[in-house]
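Working notes, beginning with the structure itself.
The values are calculated or read from the model by the stated rules, or taken from the named source; none is laboratory data. The structure displayed is predicted, hence computed values, not measured ones. Here the Cβ positions follow ideal geometry from the backbone for every residue, glycine too, while neighbour counts run over all protein chains shown.
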Number of protein chains: 2
Amino acid sequence: MKKDFLYREIAENIASKIKTGVLKQGERLPSVRMLSKEHGISVNTAKRIFLELEAQSLVQSKPQSGYFVSPLAYLKLPLPEVSKPLPVANNKEPKDLMTDVYSTMGRTDLTLFSIGVPSGNILPLSKLKKEIILATRSLKEGGTEYEPLQGNVKLRRMIAVRSLAWEGWLKEEDVVTTNGCMNALALCLIALTKPGDTIALESPCYPGILQLAVSLGLHVLEVATHPVTGIDIDALKNLLPHVNVCLLVPNFNTPLGYCMPDQRKKEIVTLLATYNIPLIEDDTYGDIHFGAERPKCCKSFDTEGNVLWCGSVSKTLAPGYRVGWVAPGKYKDQILKLKFIHALSSTSIIHEAVGNFLMTGRYDHHLRHFRKTLQENYQHYALAISAYFPEGTKISRPQGGLALWVEFPKEIDTTELHHFALKSQISIAPGRMFTLQNQFQHCMRLCIGLPWTDELQSKLKQLGSLAKMLGQVKNTSE
Amino acid sequence: MKKDFLYREIAENIASKIKTGVLKQGERLPSVRMLSKEHGISVNTAKRIFLELEAQSLVQSKPQSGYFVSPLAYLKLPLPEVSKPLPVANNKEPKDLMTDVYSTMGRTDLTLFSIGVPSGNILPLSKLKKEIILATRSLKEGGTEYEPLQGNVKLRRMIAVRSLAWEGWLKEEDVVTTNGCMNALALCLIALTKPGDTIALESPCYPGILQLAVSLGLHVLEVATHPVTGIDIDALKNLLPHVNVCLLVPNFNTPLGYCMPDQRKKEIVTLLATYNIPLIEDDTYGDIHFGAERPKCCKSFDTEGNVLWCGSVSKTLAPGYRVGWVAPGKYKDQILKLKFIHALSSTSIIHEAVGNFLMTGRYDHHLRHFRKTLQENYQHYALAISAYFPEGTKISRPQGGLALWVEFPKEIDTTELHHFALKSQISIAPGRMFTLQNQFQHCMRLCIGLPWTDELQSKLKQLGSLAKMLGQVKNTSE
């Protein structure tokens, strides 16, 4: 405890020196060894301090040279506003916009800032291929048979083992596999709701979740959400008497990228248990933490089996594999029954291959590189936005995940920007997609899973120019 | 037309000679060449005549020896009764029974007469493996990417090409791929219904479909069904004013195995279009015809886009691959939207592999052997049942597919038989699973997709003895 306190004190001390300008941009920091010697802490603790500072984008490491004050430490772009959705259910779907944006999926002639998936060249493709081929060869009957209803045993065991890192203490029998995370969320919502029920969500919210709720005939309550700490618990509390189910993405939420602090996770779990409202937790991004440690989940604090914890490898390994899962707590029987009805089985070969891949330990090795790349990408994006985007632009400070949320000055309509940008072979996700209300018209989500290149930088520059142009036209015509 | 008439006349003439005992069991029939010469027809027409007679189990071929009168031609077992469900919606789910029976899935210590899937040793496993490995190696980014929303193009193109055989005239843009056929049916029902709506189904009906309907809050109308010609159109017509959607399995329906005659398919399509009731057609078994020709579908007669035609390779290639599809007619937009919400994408590698497999022409080659094996299995089963099962047992005459429906004398309860049989390592599907009403308690479905061996024969014998014992106990205690 004391050690933990010391570690935090040193980290905060360095952070404050950077923020107040005592340490200047580009300046070299003491080495790990020096820091360890100076404070009488272990080399590992010293390393962890730098990783934490790096996660906050205050320092950056340069290979063979040590740590330096990051240019992002002095980023002038403010945070986006706290969202203020109406406290009543709404259902204004941005219909054509959704179809429009998602139809760009897979187009190779576009720069796809719009789609929230990692680019293939930061994935362990050859190792995955190997596992698929091995599974095809080794599985009984070549993997043509149905899996057991609950799913591949190795995969479930590895999900359980990995849950120790976030104090989930899952056992393999607690986990049901699914065809990706959206399939898990769909099974949960079908199990827990009937049309006319009300669901509470973070705002802004991933469009697929909004569409799912609407398609099931649910009333959608969007709840005010802070860009750094997540859903506003007081706002949620006021709405709870009208709520039947709550769905949250507390870790590296798309589009905002925040990580809800542990204390608030615990608070939410207790609050919802009191009201006997089930919590569906989408933790698809949980493994993509920029900080040193895998964050806990709401499920970590779930003593009643009231949290249905969902995840997948779609954002870390392979979107096209359709490998997801849910630990449904006390709702397991209902989920299994629905899985039988809607899917019968997952794809035997692929789930076996991912199970094996997780067992080799290659996943953690991959994740280390993957997270570092994404964090670096975020830094590149932030600097480019700072240089090229209209004055008054605000951006989120993702602590993990694949998304960056951009808030333009009010006069820039991102649905218009989307249409303009498409003509320049650029696809973005306009803010209006992330709500069923009239908000976020001047916001957009950018995917940071694309490899950083000169071309990508020039595309961001181009996007910035288009946004500036739009803003000028609006200001002139007013 | 005249030629077709001649062909039928010759076939019927031989059939009648067999049925009236002019040709006796085991007797050799004229050779293809002789038949061709005698009637002045082509060798191909003569072959087709024998194939038709073989499909009706009147003759059987012996390699290098020609055609002989089949022992099945004199099968004394009568047909099952026409079902008589109540003309009102009912929802008596046989809950524990379902879980009980499906939990035997994958158990290698049991003889699984209960599960309607083909055994691995009648599937083209090595060719499929090869295709998976090729797809893994050749796909962009190793198949880790999402597919286009509508699904793999090659697969859709091949489904369209194959639809020519049954006069479906589909184009690749008419087809949406899914994770197996149950997933296709689920998307269709979610798109077309809301809770409280009424669905009309054949009776008996595949349990997964009944469960799906119940889970979506639908009222289920089971309609009287004939074991050879399918749903009773007059009975259906009387119910239509209360029906919102109709789901049929007209080709080699599980459990009854009939093929609804073309004229009746056409009649149903016209009738439902008049009432503006969409028809979901499950054609998963359509390719498993014992007769010479691939039967038409209801979709073949659909001029309004009112038929949502669903299929898969789960019963012909690989249950564990989860490759299915739907040609949703005028409901395509709704299906695409739901696919996006519930699944996002199918498994890229596997769908590519199956698309490639279909393109090679290996599928038809496989199907020829596969159908022949299943038909031979049916004949073996029928003879064994005739020899070993209680007097008064009736069986269906499957014209294709994987299922045989057995109707015992009333006093034999198949749910009891299921519990007894399990103790002898035999799993069956009791009739009660195939209805939400109190019927079929003395029926069961047997899967004919298991390879015929002496051991399987002795298991059928054992099952027959158990059924006889149950019947005797009941008769004694009465």
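Residues of the range B:430-478 that are farther than 20 Å from B:A384 by Cα, over 21 Å from the mean Cα position of the chain (by Cα) and among the hydrophobic types (A, V, I, L, M, F, W, C): B:V473 alone. Is there a residue in the range A:196-205 that is surrounded by fewer than 22 Cβ atoms within 10 Å (Cβ to Cβ) and not β-branched (V, I, T)? Yes, the range A:196-205 has at least one match. Annotation note: of A:T198, A:T229, A:T178, A:T225, the sole residue that is under 26 Å from A:Y258 (Cβ atoms), among the hydroxyl-bearing types (S, T, Y) and free of Cβ contacts under 8 Å to residues at least 60 places away in the same chain is A:T229. If you go through the range A:247-279 and pick out every residue that is crowded, with 24+ Cβ neighbours inside 10 Å and polar (S, T, N, Q), you end up with 3. What residue, of A:N253, A:N276, is in the same structural domain as A:A165 (by TED's automatic domain parsing) and over 30 Å from A:R322 (Cβ atoms)? Exactly one residue qualifies, and that residue is A:N276. Within the range A:400-416, residues that are in the same structural domain as A:P430 (by TED's automatic domain parsing) and farther than 24 Å from A:K95 by Cβ sit with their Cβ atoms under 6 Å from residues that are among the hydrophobic types (A, V, I, L, M, F, W, C) and assigned to a strand (DSSP E or B), at 6+ positions apart or across chains, in these pairs: A:L402/A:C447; A:L404/A:L446. Taken over the range A:94-113, the criterion of being over 18 Å from A:T415 (Cβ atoms) and of a type in the set (K, R) is satisfied by A:R107 alone.
Which one is surrounded by the fewest Cβ atoms within 10 Å (Cβ to Cβ), of the residues in the range B:206-225 that are within 13 Å of B:C246 (Cβ to Cβ) and in contact with a helix residue (DSSP H, G or I) (Cβ under 6 Å, 6 or more places away or on another chain)? Here the answer is B:V220. Here B:K394, B:K339 are screened, and the one residue that is more than 25 Å from A:A343 (Cβ to Cβ) and of a type in the set (D, E, K, R) is B:K394. Looking at A:E27, A:E81, A:E93, A:E38, just one residue is closer than 30 Å to B:Y146 by Cα and surrounded by fewer than 19 Cβ atoms within 10 Å (Cβ to Cβ), and that residue is A:E93. Residue check: is A:D364 without any contact (Cβ under 8 Å) to a residue 24 or more places away in the chain, closer than 21 Å to A:E281 by Cβ and surrounded by fewer than 19 Cβ atoms within 10 Å (Cβ to Cβ)? It is false that A:D364 is without any contact (Cβ under 8 Å) to a residue 24 or more places away in the chain, closer than 21 Å to A:E281 by Cβ and surrounded by fewer than 19 Cβ atoms within 10 Å (Cβ to Cβ).
Meeting the requirement of 2 or more residues that are within 27 Å of B:T104 (Cβ to Cβ), the strands (runs of 3 or more DSSP E) wholly within the range A:139-234 are A:176-178. Of the residues making up the range A:151-204, those that are β-branched (V, I, T), away from chain B (no Cβ under 12 Å) and farther than 28 Å from A:S138 by Cβ are A:T198, A:I199. Of the candidates A:L125, A:L79, A:L86, the single residue that is more than 14 Å from every other protein chain (Cβ to nearest Cβ) and within 22 Å of the chain's Cα centre (by Cα) is A:L79. Could you go through the range B:102-121 and let me know if any residue there is of a type in the set (A, V, I, L, M), surrounded by fewer than 18 Cβ atoms within 10 Å (Cβ to Cβ) and closer than 21 Å to B:G324 by Cβ. Checked the range B:102-121: no residue is of a type in the set (A, V, I, L, M), surrounded by fewer than 18 Cβ atoms within 10 Å (Cβ to Cβ) and closer than 21 Å to B:G324 by Cβ.
Here's the yes/no breakdown for (1) of a type in the set (D, E, K, R); (2) assigned to a loop (DSSP other than H, G, I, E, B); (3) under 24 Å from A:P261 (Cβ atoms); (4) out of contact with any helix residue (DSSP H, G or I) (no Cβ under 6 Å at 6 or more places or on another chain):
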| residue | (1), (2), (3), (4) |
| --- | --- |
| A:L422 | no, no, no, yes |
| A:N438 | no, yes, no, yes |
| A:L446 | no, no, no, yes |
| A:W452 | no, yes, no, no |
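Might you let me know whether the range A:263-270 holds any residue that is among the hydroxyl-bearing types (S, T, Y), over 18 Å from the mean Cα position of the chain (by Cα), assigned to a helix (DSSP H, G or I) and closer than 20 Å to A:N306 by Cα? Yes. The residue that is surrounded by the most Cβ atoms within 10 Å (Cβ to Cβ), among those in the range A:280-308 that are more than 14 Å from every other protein chain (Cβ to nearest Cβ) and part of a strand (DSSP E or B), is A:L308. The condition of being farther than 26 Å from A:L279 by Cβ and in the same structural domain as A:P278 (by TED's automatic domain parsing) holds for only one of A:T316, A:T347, that being A:T347. Does A:L317 satisfy the condition of being within 16 Å of the chain's Cα centre (by Cα) and part of a helix (DSSP H, G or I)? Answer is no for this residue. Of the helices (runs of 4 or more DSSP H) that lie entirely inside the range A:1-64, those containing 2 or more residues that are touching a residue at least 12 places away in the same chain (Cβ under 8 Å) and over 31 Å from the mean Cα position of the chain (by Cα) span A:32-39.
Looking only at residues of the range A:325-371 that are at the interface with chain B (Cβ under 10 Å from one of its Cβ atoms) and in contact with a strand residue (DSSP E or B) (Cβ under 7 Å, 6 or more places away or on another chain), we find that the one that is modelled with the highest pLDDT is A:H351. The set of residues from the range A:140-171 being buried (at least 19 other Cβ atoms within 10 Å of the Cβ) and either more than 30 Å from A:H289 (Cβ to Cβ) or not assigned by TED's automatic domain parsing to the domain that holds A:W309 (or both) comprises A:G142, A:G143, A:T144, A:E145, A:Y146, A:E147, A:L149. Taken over the range B:424-436, the criterion of being buried (at least 16 other Cβ atoms within 10 Å of the Cβ) and either basic (K, R) or assigned to a loop (DSSP other than H, G, I, E, B) (or both) is satisfied by B:I428, B:R432, B:T435, B:L436. Only a single criterion out of (1) modelled with pLDDT under 95; (2) assigned to a strand (DSSP E or B) is not satisfied by A:G311, namely (1). You will find that of B:P124, B:P80, B:P94, the residue that is touching a helix residue (DSSP H, G or I) at 6+ places or on another chain (Cβ under 6 Å) and modelled with pLDDT of 90 or more is B:P124 and no other.
In the range A:109-123, the residues that are in contact (Cβ under 8 Å) with a residue 24 or more places away in the chain reach residues that are aromatic (F, W, Y) with C-beta atoms within less than 9 angstrom, at least six apart or across chains, in these pairs: A:S114/A:Y102; A:I115/A:Y102; A:I115/B:Y146; A:G116/A:Y206; A:V117/B:Y146; A:P118/A:F370; A:I122/A:F370; A:L123/A:F370. Within the range B:375-392, can one find any residue that is surrounded by fewer than 22 Cβ atoms within 10 Å (Cβ to Cβ), part of a helix (DSSP H, G or I), more than 23 Å from the chain's Cα centre (by Cα) and away from every other protein chain (no Cβ under 14 Å)? Checked against the condition, which is being surrounded by fewer than 22 Cβ atoms within 10 Å (Cβ to Cβ), part of a helix (DSSP H, G or I), more than 23 Å from the chain's Cα centre (by Cα) and away from every other protein chain (no Cβ under 14 Å), the range B:375-392 yields at least one hit.
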